[in-house]
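The values are calculated or read from the model by the stated rules, or taken from the named source; none is laboratory data. Values in this document were obtained by computation on a predicted structure and should not be read as measured data. With ideal geometry, Cβ positions are generated from the backbone for all residues, glycine too; neighbour counts draw on all protein chains shown. When the accessible area is computed, the model is the full protein with side chains, heavy atoms only, and any ligands, DNA or RNA have been set aside. Shrake-Rupley method; radii C 1.70, N 1.55, O 1.52, S 1.80 Å.
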Amino acid sequence: MKVLFSGGGTAGHINPALAIANHLKDICGDFEARFVGTAEGLEVGLIPRSGYPLDLIKVHGFERKLSFGTVKTVAELPAAVAASKKIIKRFKPDIVVGTGGYVCGPVLYAAAKMKIPTFVHESNAFPGITVKILSRYADKVAVGIEAAKQYIPKAREVVYTGNPVRPSILNVDSFAARRRLKLDSRPFIVIFGGSLGARDFNAAMADWICSVASSGKYNILMGTGKLNQYDKVMKRFSDNGVNLSSFPDIKISEYIYDMDIAMNAADLVVSRAGASTLAELTAIGKPAVLVPSPYVTDNHQEHNARAIESGGGAKVILESELSVERIDKTICDIADNPTKLAEMRKASALMGVPDSADKICNEILKLVK
């Protein structure tokens, strides 16, 4: 089976495509995949490193206002569709799969016009403009968060599959993870704002950690992210007069490399609300305090976070509402209450789809057949 994938720009579009491709490779004896992206997106580094060939086309995203950039983007589309058709004719895929991002627009549109089966996966609770448009042409749209269905009413067919998660995160026993990290019976709180860090999130969480450090109530692990965020966070502790060498139960690192271990060991996770993060949290049933990034397109992280909150698996604090007092009350109300933790674990797990990759690939195989 030959599958052409398109989805790029950010890791949130690329990683689901890679997860689907890898799972199809595992379950299909005869499998070949190619990816289509742009020279400006993260796919340029991620796709070849994963062992798949990458074709490039020239296309840009729409700005949310009438401008020269918008006009230029519209002018690029015919050439992008033509380039996509050439790639499709050369590769001859059995199906074309899109996972969001502006690059998959011309690719999926070209495939639909060429009568090739098309499948779109949307990770977020609020679909991006590209997926909204493509939903009218694609044979099937899969959504990672069920609330997304209401925003694509003109789709031919919509299925709820969840978002694919890394197999490694599903294969860790929580008790073994706690033993590996040498944790005691106190609640273990894992905090991270993303691989590149989040300045205001990091500052607020560092201030909160300083406020509870001397109490010894919690084991805490915080990943600051890169881009000099670690140095800024450590300066925050210093400015607050907190010497972390005196608190071995508080660990701060630039990046949490064993995230599968940390998340499975955690009693509570404090994080952003990216679709992949939420898929992993719910797949293993972890209560969360979510601080959605206000800097993403269409505020989709808040939509994601509210969907989990409405199901009982999380509490949401907007970044504009961050304060030591608000953080402390929210975390303590959950972490200090075993009954509340148990209720949120159950609610989170009910929203999780640990077999999402299976569901997605089965829908793809149905279309191919």
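For region 284-302, the criterion of being assigned to a helix (DSSP H, G or I), without any contact (Cβ under 8 Å) to a residue 40 or more places away in the chain and more than 16 Å from the chain's Cα centre (by Cα) is satisfied by no residue at all. Figure legend. Inter-residue proximity from region 33-56: first residues closer than 14 Å to Ala83 by Cα, second residues assigned to a loop (DSSP other than H, G, I, E, B) and open to solvent by less than 50 Å² (accessible area, probe 1.4 Å), beta-carbon distance below 6 Å, spacing 6+ or different chains. Indicated pairs: Phe35/Tyr52; Gly37/Gly8; Gly37/Val103; Thr38/Val103.
Just one of the listed residues (Asn264, Asn337, Asn299) is out of contact with any helix residue (DSSP H, G or I) (no Cβ under 6 Å at 6 or more places or on another chain), modelled with pLDDT of 95 or more and of a type in the set (S, T, N, Q), and it is Asn337. Among the residues making up region 146-169, those that are hydrophobic (A, V, I, L, M, F, W, C) and modelled with pLDDT under 95 are Ala147, Val165, Ile169. Checking region 341-353 against the condition returns no match, with no residue being open to solvent by 40 Å² or more (accessible area, probe 1.4 Å), touching a strand residue (DSSP E or B) at 6+ places or on another chain (Cβ under 8 Å) and assigned to a helix (DSSP H, G or I). Scan region 203-216 and give yes if some residue there is modelled with pLDDT under 95 and open to solvent by 40 Å² or more (accessible area, probe 1.4 Å), otherwise no. Scanning region 203-216, I find no residue that is modelled with pLDDT under 95 and open to solvent by 40 Å² or more (accessible area, probe 1.4 Å), so the answer is no. Of the residues making up region 268-317, those that are of a type in the set (Ser, Thr, Tyr) and within 14 Å of Lys346 (Cα to Cα) are Thr282, Ser310. Among residues of region 151-179 that are in a helix (DSSP H, G or I), those with a Cβ under 9 angstrom from a residue that is open to solvent by 20 Å² or more (accessible area, probe 1.4 Å) and aromatic (Phe, Trp, Tyr), sequence gap 6+ or separate chain, pair up as Tyr151/Phe126. Only one entry in Leu46, Leu24 is at pLDDT 95 or above, closer than 20 Å to Gly144 by Cβ and either buried (at least 20 other Cβ atoms within 10 Å of the Cβ) or aliphatic (A, V, I, L, M) (or both), namely Leu24. For region 186-202, filtered to residues that are surrounded by fewer than 23 Cβ atoms within 10 Å (Cβ to Cβ), out of contact with any Asp or Glu (no Cβ under 8 Å at 6 or more places or on another chain) and not aliphatic (A, V, I, L, M), the residue that is modelled with the highest pLDDT is Arg199. Restricting region 218-233 to residues that are among the hydrophobic types (A, V, I, L, M, F, W, C) and open to solvent by less than 60 Å² (accessible area, probe 1.4 Å), the residue that is farthest from Ala265 (Cα to Cα) is Val233. Restricting attention to region 141-159 and to residues that are in contact with a Lys or Arg (Cβ under 7 Å, 6 or more places away or on another chain) and within 16 Å of Cys361 (Cβ to Cβ), the residue that is least open to solvent (accessible area, probe 1.4 Å) turns out to be Val143. The criterion of being hydrophobic (A, V, I, L, M, F, W, C), open to solvent by less than 10 Å² (accessible area, probe 1.4 Å) and over 20 Å from Ser276 (Cβ atoms) does not hold for Ala177. The set of residues from region 308-327 being assigned to a helix (DSSP H, G or I), open to solvent by less than 50 Å² (accessible area, probe 1.4 Å) and farther than 15 Å from Ser271 by Cα comprises just one member, Val324. In region 90-116, the qualifying residues are those that are of a type in the set (Lys, Arg) and not in a loop (DSSP other than H, G, I, E, B), and the one that is most open to solvent (accessible area, probe 1.4 Å) is Arg90.
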